[in-house]
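First up is the structure itself, then whatever we jot down about it.
Read-outs: derived from the displayed coordinates by stated rules, not from any lab. Everything numeric in this text was worked out from a predicted model, so none of it was measured. Quick reminder, even Gly has a Cβ in these numbers, built from the backbone with ideal geometry, and neighbours come from all protein chains shown.
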Amino acid sequence: GYHVRFPDLPEALTGGTDLLDTQEQAVDCLAEALAGRITRGDAIPVPSKIKRGQYPVSVPLYLAPKLALYLAMRESGFRNTDLAKRLGVSETVVRRMLDPKHNTKPEKIQTALAMLGKRIVVSFDDAA
């Protein structure tokens, strides 16, 4: 089997039986570690530079916009209530936008990010 650890997220440890299983487990593990940090209001470290023998793991698409909003709010010093006032919604709506388990429409997060001077950029690369 294989073992995976994330140097910047010491709580994130996983493994798999083969390379494909290990990659899938790594994505899930990263998502859970980031979701936990968002839920607790913890800092999200900037990923370290990849070293020899290490492989990048992407943030799952469902979590990426919520993570972007969370980071933008922390960077700007906005609280949930501050953003809610700017958006003209209740604080509960902002809390749900940040909730990794809540199915938020991407357009809502896009609007919130725009209020913070940010935008979502989607790109793609070759898989291999």
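Per the Cauchy relation, a quarter of the hull surface: what is the mean projected area of the convex hull of the alpha carbons in the chain, in nm²?
For the chain, averaging the hull's shadow over all directions gives 8.6 nm².
Using label points projected 7 Å from each Cα along Cα→Cβ, tell me how many nm separate Glu11 and Ser90, to one decimal.
With each label placed 7 Å out from Cα toward Cβ, I get 2.8 nm.
For labels at Tyr62 and Glu24 in the simple 7 Å Cα→Cβ model, what's the distance in nm?
Placing both labels 7 Å along Cα→Cβ, they lie 1.5 nm apart.
Taking H placed 1.01 Å from N in the peptide plane, check which residues at least 5 places from Val4 or on another chain put their amide H under 5 Å from its amide H.
Close amide H contacts, sequence-distant or interchain: Thr14, Gly15.
Setting aside same-chain residues fewer than 8 positions from Lys101, which aspartates and glutamates have a Cα under 20 Å from its Cα?
Glu11, Glu24, Asp28, Glu32, Asp42, Glu91
What's the ranking of 46-55, 87-96, 108-117 by average number of surrounding C-beta atoms within 10 Å, highest first?
108-117, 87-96, 46-55
When the helices in the chain are scored as -39500 (n - 2.57) per DSSP H run of 4 or longer and the sum is shared across all residues, what 222 nm value do you end up with, to the nearest 500 deg cm²/dmol?
Computed ellipticity for the chain at 222 nm equals -15000 deg cm²/dmol.
Distance in nm between label sites at Asn103 and Arg119, each 7 Å beyond Cα in the beta-carbon direction?
2.9 nm
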